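Novice: Let me give you the structure first, and then I'll get to my questions.
The values are calculated or read from the model by the stated rules, or taken from the named source; none is laboratory data. Remember, it's a predicted structure, so these values are computed and weren't measured experimentally. Ideal geometry is used to build each Cβ from the backbone, glycine not excepted, and the neighbour counts take in all protein chains shown. Side chains are part of the model used for accessible areas, which takes the heavy atoms of the whole protein and leaves out ligands, DNA and RNA. Shrake-Rupley method; radii C 1.70, N 1.55, O 1.52, S 1.80 Å.
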Amino acid sequence: LVTGVQTCALPISSGQTRLRIATPPLQAADFRFDQTIAIRFRTRLFSASQQFAARLWNDDSFAVAQPVIDGDASPDISTNSAQVVATDFARLLDNLRVEPQTFTPNGDGTNDAVQIAFDLLLVNDEIDVQLDIYRLSGQRMRSLTSPALRAGPVHMIWDGRDEGGQLLPPGLYVYQLRVRGDAASEQRTGALGLAY
């Protein structure tokens, strides 16, 4: 067991993310000659499959890479790399969250906007995401679009205002979230409350 482990996610220019795991300096007495160090971590998978690669360095000043055996992440894939494959290909978006369910855009700094967050799945190319806000009568009050996105977590915020920037009256509103790709599209609808 290694104590004092630190981790951080480091974005890189290729659009991938690196995970850096730093341990305290290890000495020969810390493990046996034939012992290996296993690193287990949990993450969310946003595409149909993902290959994980690893590099090991002694420290920042002595950057000589050590061999790493990735192993098989799944017994169904007979390779010597950490390849993870998604089993559910039915959805473009998952883990939809509306927080808070009722918000109060009164400028007091607490719950002044509603955040609609979700995970965008199985998207390799850029895709359009649109959030429309309607009165219960069906009249569209606001349309928000997110710039073209790739798979990963998405957060959209509505401040309780219409297209002209006017604060809407208290009441129940309906949101419609639409994700459109070349091969598939998906839509979710729900209610949220605006109060003062």
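Novice: Residue under question is D162, and the condition is that it be modelled with pLDDT of 95 or more and not hydroxyl-bearing (S, T, Y); does it hold? Quick ask: steps written out before the conclusion?
Specialist: Numbers: modelled with pLDDT of 95 or more: yes; not hydroxyl-bearing (S, T, Y): yes.
Spelling it out, D162 is indeed modelled with pLDDT of 95 or more and not hydroxyl-bearing (S, T, Y).
Novice: Okay, moving on. In the stretch 120-144, what count of residues is obtained for those that are open to solvent by 60 Å² or more (accessible area, probe 1.4 Å) and in contact (Cβ under 8 Å) with a residue 24 or more places away in the chain? So that I can check it myself, show each step before the final result.
Specialist: Going through the stretch 120-144, the residues open to solvent by 60 Å² or more (accessible area, probe 1.4 Å) turn out to be 124-126, 128, 135-137, 139-140.
From the residues that got through so far, the ones that are in contact (Cβ under 8 Å) with a residue 24 or more places away in the chain too are 124-126, 128, 135-136.
The qualifying residues number 6.
Novice: Separate question: Filter the stretch 158-167 for residues that are over 12 Å from V98 (Cβ atoms) and in a strand (DSSP E or B); which is most open to solvent (accessible area, probe 1.4 Å)? Walk me through it before giving the result.
Specialist: So in the stretch 158-167, the residues over 12 Å from V98 (Cβ atoms) come out as 159-167.
Filter again for in a strand (DSSP E or B), leaving 161, 167.
Values: R161: 90, L167: 66 Å².
Step by step, filter the stretch 158-167, then rank; the result is R161.
Novice: Right, something else. Identify all residues within the stretch 178-187 that are open to solvent by less than 80 Å² (accessible area, probe 1.4 Å) and either under 14 Å from L149 (Cβ atoms) or in contact with a Phe, Trp or Tyr (Cβ under 6 Å, 6 or more places away or on another chain) (or both); write none if there are none. Explain how you work it out, then say what you get.
Specialist: At the first step, the residues of the stretch 178-187 found to be open to solvent by less than 80 Å² (accessible area, probe 1.4 Å) are 178-179, 181, 184, 186.
Result: R178, V179, G181, E186.
Novice: Is there a residue being charged (D, E, K, R), open to solvent by less than 30 Å² (accessible area, probe 1.4 Å), more than 14 Å from L194 (Cβ to Cβ) and at pLDDT below 90 anywhere in the stretch 106-119? Can you show your working first?
Specialist: Here is the first cut: in the stretch 106-119, the ones charged (D, E, K, R) are 108, 112, 119.
Checking the rest, the ones that are also open to solvent by less than 30 Å² (accessible area, probe 1.4 Å) come to 119.
Now narrow it down to the ones that are more than 14 Å from L194 (Cβ to Cβ): 119.
Narrowing further to those that are at pLDDT below 90: 119.
Among the residues of the stretch 106-119, at least one is charged (D, E, K, R), open to solvent by less than 30 Å² (accessible area, probe 1.4 Å), more than 14 Å from L194 (Cβ to Cβ) and at pLDDT below 90, which makes the answer yes.
Yes or no, residue by residue, for (1) open to solvent by 40 Å² or more (accessible area, probe 1.4 Å); (2) part of a loop (DSSP other than H, G, I, E, B); (3) touching a residue at least 12 places away in the same chain (Cβ under 8 Å); (4) not acidic (D, E):
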| residue | (1), (2), (3), (4) |
| --- | --- |
| M156 | no, no, yes, yes |
| P169 | yes, yes, yes, yes |
| Q176 | no, no, yes, yes |
| T189 | yes, no, yes, yes |
| G193 | no, no, yes, yes |
| Y196 | yes, yes, yes, yes |
